[in-house]
Amino acid sequence: MLQRTRRYRGKIPPYSIQNQLTQGIRKAAAQQGDFDYMSLWAGQGLWLATSRPAEEIVRETIAQAQGVR
């Protein structure tokens, strides 16, 4: 969906309108456990995310957690 959205040249409606328009889709997806059509929020730190192997992320997370002790 994001790849298609990037190519879209029209005006994307504000969140409140998008939320209303997709409410039925999200509800049906939740009932079916279909995460592809549900709202899964990434939070404010989304732009800090990097594309790396999961193993590297897990090792870094463990190292950070051990440093908190």
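None of the figures in this text is laboratory data; all of them are computed from the coordinates on show. Since the model is a prediction, treat every value here as computed from it, not as a measurement. Every residue, glycine as well, gets a Cβ built from its backbone with ideal geometry; the counts of neighbours run over all protein chains shown.
Residue-by-condition table, conditions (1) outside any loop (DSSP other than H, G, I, E, B); (2) of a type in the set (A, V, I, L, M, F, W, C):
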{"position": "Arg4", "(1), (2)": "yes, no"}
{"position": "Ile12", "(1), (2)": "no, yes"}
{"position": "Ser16", "(1), (2)": "yes, no"}
{"position": "Gln20", "(1), (2)": "yes, no"}
{"position": "Ala29", "(1), (2)": "yes, yes"}
{"position": "Leu46", "(1), (2)": "yes, yes"}
{"position": "Thr50", "(1), (2)": "no, no"}
{"position": "Val58", "(1), (2)": "yes, yes"}
Please verify whether Pro53 is surrounded by 10 or more Cβ atoms within 10 Å (Cβ to Cβ) and either out of contact with any strand residue (DSSP E or B) (no Cβ under 6 Å at 6 or more places or on another chain) or free of Cβ contacts under 8 Å to residues at least 60 places away in the same chain (or both), treating the condition exactly as stated.
no
Please go through segment 38-54 and give me each residue that is under 22 Å from Ile12 (Cβ atoms) and either more than 11 Å from the chain's Cα centre (by Cα) or not hydroxyl-bearing (Ser, Thr, Tyr) (or both), ordered by number.
Met38, Leu40, Trp41, Ala42, Gly43, Gln44, Leu46, Trp47, Ala49
All positions within segment 1-31 that are polar (S, T, N, Q) and surrounded by 10 or more Cβ atoms within 10 Å (Cβ to Cβ)
Gln18, Asn19, Gln20, Thr22, Gln23
